[in-house]
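The values are calculated or read from the model by the stated rules, or taken from the named source; none is laboratory data. Given the structure is predicted, the values throughout are model-derived calculations rather than measurements. Every residue, glycine among them, receives a Cβ derived from its backbone with ideal geometry; neighbour counts consider all protein chains shown. For the accessible areas, the whole protein counts, side chains as well, though only heavy atoms, and no ligand, DNA or RNA atoms are used. Shrake-Rupley method; radii C 1.70, N 1.55, O 1.52, S 1.80 Å.
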Amino acid sequence: MVLLKPTPTIRRLARDALWFAGALGLMLAAACLGPRTTPVDSDPDKLADLEFQAYLADLPTVTVAEAYRAMLILADGKDPYKTFDERKTALESRGIARPAWNLAPDHVIDKGSVAYMVCRICRLRGGVNLLVFGSLGVGDRRYALRELVYRGLCEDSVHYQALTGGELVAILTKADAYMEKQGLYQAVPVELPPEPAPGETPEWTNPPPATQP
Amino acid sequence: MNRANRPQRGLIGACALAVVLGMASIGLGQLPANGGAPVFQVFEVRGDAKWGVGTNLKADSETGWRTVRVGDKYPRETQIRTGLRTKVKLVMVPAKPATIVMVEPLTLASIDELLQRDGKAVTRLGLAYGAIRAGVAEGELRNDLQIRAPVATLSKRGTWGFRLYAERGTGRWEMSLSERGLVEAIQNLTGQRRFITPGQTINQFMSHWIEAVHFTQQLTVHDPFGIKGADLLFNLNNGTGLGVLLFGGNGTIGVLNTVGNFRIEHLDLTPGGQNNNQSSNQNASSLRLSQAIQNRAQNRGPFRRPDGDFGVGFGSVPLGNIQRAFPARIKESPGGYRSLMGSVTPPGK
């Protein structure tokens, strides 16, 4: 048997192959961040939608279950489901989440997964990388995050990093503003009125009386 | 009926009526009289928002929170929280001066101070996270309005259309002014202050607007008609993305000149520059960049004014196709710019 002598070329090829395999494994292994270890004060399952959104803002990290509920509120304005399995089914059936991720509800979610779901909700097609690799499932979350960064909906970071509740709320705020601007949901426009002329008394200085509860 | 019980029944009835009226007023969002101090009244609501009074409220709890309704009046120490797809518009009553505040979606805000002092209205709004947009009209009374977030403070100077956006726990914030006036941005941690004028924004980096604007929009800060050579090459590569049209390598640089034809810079021609307008397609000699710089340093022409023409319309867009489609009318400047079609007759001749 003739042994292969490790020439410099072979060593360089082996090093490059190991690097590529590691990078590919890292891309595929995104979202494996484990359960959240920091305890929280409230039980999110018992909160209404408005209280749940306020609850998100103070979280040190966000779990998959909390992120899934937030995505449904972003997509529809409300969350009619009661359990994680119902939300997971709803998101996967609409193509917002992918079954291949196989995320556990109590595990911390990564930025890439959230970015992918936001891209799907906001109907952001992305560039060539997101279209090609995203459809293959290899770099879907990585390039979705890059698309959000390009659109100004998210700050630049790595896709496998966990995100805090404040960061999730910021993404939701900007995504909601984007959806409203693009007309992705019906809403009565509410804006500041034009500035009144000096000496003019605008009609909005006489607000309507209180309405009945 | 016992006559002795009639006064007691009347007293009981009056007390019951007072309790009912008091409860009704609270249920309608009408808090007890505020001693004449201004209040914020809800002018418009879209979506799901709640309000509460006090400093011990938990944002993620339902205890102490009530639904925001049009016409509600909120004094100081009132907190307002909104969800997605929700906006609340508040108007200061009495309108001295006319002040309007809009609480944007996914926001937790508070009314910290609301009073009239020393002939002016003092308003302090708190912003835990989210965004507030507001406007203060000119009036007899000045309005000293500030919006305080954990990391930044917005202080206005007679303005309309100013906005503060703050994120929870990330330290990122953004202030902007869209209509009129002057806004002072204060970085709470460092005390650094900066003014912004209408159309400008500022964020946690506290950089001048002109330094940050090119990250959000295409902004030409150089003279696209007057520069050439290494200056033009630098701006093409770093400003417009047109550098991909150029060829390079081996230290050889090709640049687009101000005439519009794709050509290589000829710096070894006669000072008169008679051959400047020859088509580069036939004459593709090139210069090494170091040689080009050396030539310029030794004043070997032809040269335009080194400081350009400050974008006053001389010269042409440095792309041949655009030039042929939209031929520009050129006048000769003191710097000696050439026309697209040949020599130029100076004005008055």
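How far apart, in nm, are the 7 Å Cα→Cβ label points at A:Val158 and A:Val128?
2.6
When we measure straight from the Cα of A:Lys174, which aspartates and glutamates land under 16 angstrom away, once same-chain ones fewer than 8 places off are left out?
A:Asp76, A:Glu147, A:Glu155, A:Asp156, B:Glu104, B:Glu167, B:Glu174
In a solvent-free Debye calculation with one equal scatterer on each Cα, what is log10 I(q)/I(0) for chain A at q = 0.12, 0.14, 0.15 Å⁻¹, listed in the order of the q values?
Each listed q maps to, in turn, -0.72, -0.88, -0.97.
Pick from A:Gln182, A:Gln53, A:Gln161: which is most flexible by mean-square fluctuation in a GNM of chain A where alpha carbon atoms under 10 Å apart are linked?
Highest fluctuation of the listed residues: A:Gln182.
Is the shape of region B:64-183 rounded, prolate or oblate, going by the alpha carbon gyration tensor and its root eigenvalues a ≥ b ≥ c, with a/c under 1.5 for rounded and a/b larger than b/c for prolate?
Judged from the Cα gyration tensor, region B:64-183 comes out oblate (a/c at least 1.5, b/c at or above a/b).
With the cut-off at 1.5 for a/c, could you classify region A:43-113 from its C-alpha gyration tensor as rounded, prolate or oblate?
Judged from the Cα gyration tensor, region A:43-113 comes out oblate (a/c at least 1.5, b/c at or above a/b).
Within 10 Å, at most 13 other Cβ atoms, and a DSSP state outside H, G, I, E, B define an exposed site. Report the longest part of chain A free of exposed GluC sites (Glu not before Pro).
With a cap of 13 other Cβ atoms within 10 Å, the longest stretch comes to A:1-190.
Report the residue, chosen from A:Pro60, A:Pro194, A:Pro105, that carries the largest GNM mean-square fluctuation when chain A is represented by alpha-carbon nodes joined by springs under 10 Å.
Result for chain A, Cα springs under 10 Å: A:Pro194 fluctuates most.
Under 14 Å from a point placed 7 Å out from the Cα of B:Arg117 along the Cα-to-Cβ direction: which residues of region B:141-182 have their backbone N that close?
In region B:141-182, the label zone of B:Arg117 (backbone N under 14 Å from the point 7 Å along Cα→Cβ) covers B:143-146.
What does the buried accessible surface come to for B and A, summed over both chains, with the probe at 1.4 Å? Round to 100 Å².
4200
Expressed in nm to one decimal, what extension gain is obtained for the pair A:Arg94 and A:Leu136 from 0.36 nm per residue of sequence separation less their Cα-Cα distance?
Fully extending the segment from A:Arg94 to A:Leu136 adds 13.4 nm.
Once you have a ≥ b ≥ c as the square roots of the Cα gyration tensor eigenvalues for region B:41-108, tell me rounded if a/c is under 1.5, and otherwise prolate or oblate according to whether a/b is larger than b/c.
Oblate is the answer for region B:41-108, as a/c is 1.5 or above yet b/c matches or exceeds a/b.
Can you give the average number of partner chain beta-carbon atoms within 10 Å of each beta-carbon in peptide A:45-58, as a whole number?
Average neighbour count from other chains, rounded to a whole number: 6.
Going down the table (B:Lys50/B:Lys89; A:Lys181/B:Lys58; A:Lys46/A:Lys88; A:Lys111/B:Lys89; B:Lys87/B:Lys120; B:Lys58/B:Lys87), which pairs top 23 Å between alpha carbons?
A:Lys181/B:Lys58; A:Lys111/B:Lys89; B:Lys87/B:Lys120
Per residue of A:171-183, how many C-beta atoms from partner chains lie within 10 Å of its own C-beta, taken as a mean?
Averaged over the peptide's residues, the number is 3.
Cβ under 13 Å from B:Ser178's Cβ, B:Ser178 left aside: what net charge do those residues give with Lys, Arg +1 and Asp, Glu -1?
Net of charged neighbours comes to 0.
Across the residues of B:96-103, average count of Cβ atoms on other protein chains within 10 Å?
Taking all residues of B:96-103 together, the mean is 3.
Computed FRET efficiency, Cβ-Cβ of A:Thr9 and A:Ala104, R0 41 Å: what is it to the nearest 0.05?
In this case the efficiency is close to 0.40.
Where the centre of each part is set by its Cα atoms, how far does region B:178-221 sit from region B:71-103, in angstrom?
Between the Cα centres of region B:178-221 and region B:71-103 lies a distance of 26 Å.
How much accessible surface area, in Å² rounded to 10, belongs to the heavy atoms of A:Thr164 with a 1.4 Å probe?
Answer for A:Thr164: close to 50 Å² accessible.
In nm, what is the difference between 0.36 nm times the number of residues separating B:Val93 and B:Glu62 and their Cα-Cα distance?
Stretched fully, the B:Val93-B:Glu62 segment lengthens by 8.4 nm.
Considering only DSSP states other than H, G, I, E and B, which chymotrypsin sites (Phe, Trp or Tyr not before Pro) in region A:155-193 qualify as loop sites with at most 15 other Cβ atoms within 10 Å?
Sites meeting the loop and neighbour criteria: A:Tyr185.
Can you give the accessible area of A:Ile121 in Å² (nearest 10), computed on protein heavy atoms with a 1.4 Å probe?
20
If I model a spin label as a point 7 Å beyond the Cα along the Cα-Cβ vector, how far apart are those points for A:Val149 and A:Asp43 in nm?
In this crude spin-label approximation the distance works out to 4.0 nm.
What are the aspartates and glutamates whose alpha-carbon lies under 16 Å from the alpha-carbon of B:Lys228, with same-chain residues fewer than 8 places away excluded?
B:Glu265, B:Asp268, B:Asp307, B:Asp309
Give or take rounding to whole Å, what are the principal axis extents of the alpha carbon atoms in region A:137-213, in descending order?
Principal extents (largest minus smallest coordinate, Cα): 60, 35, 24 Å.
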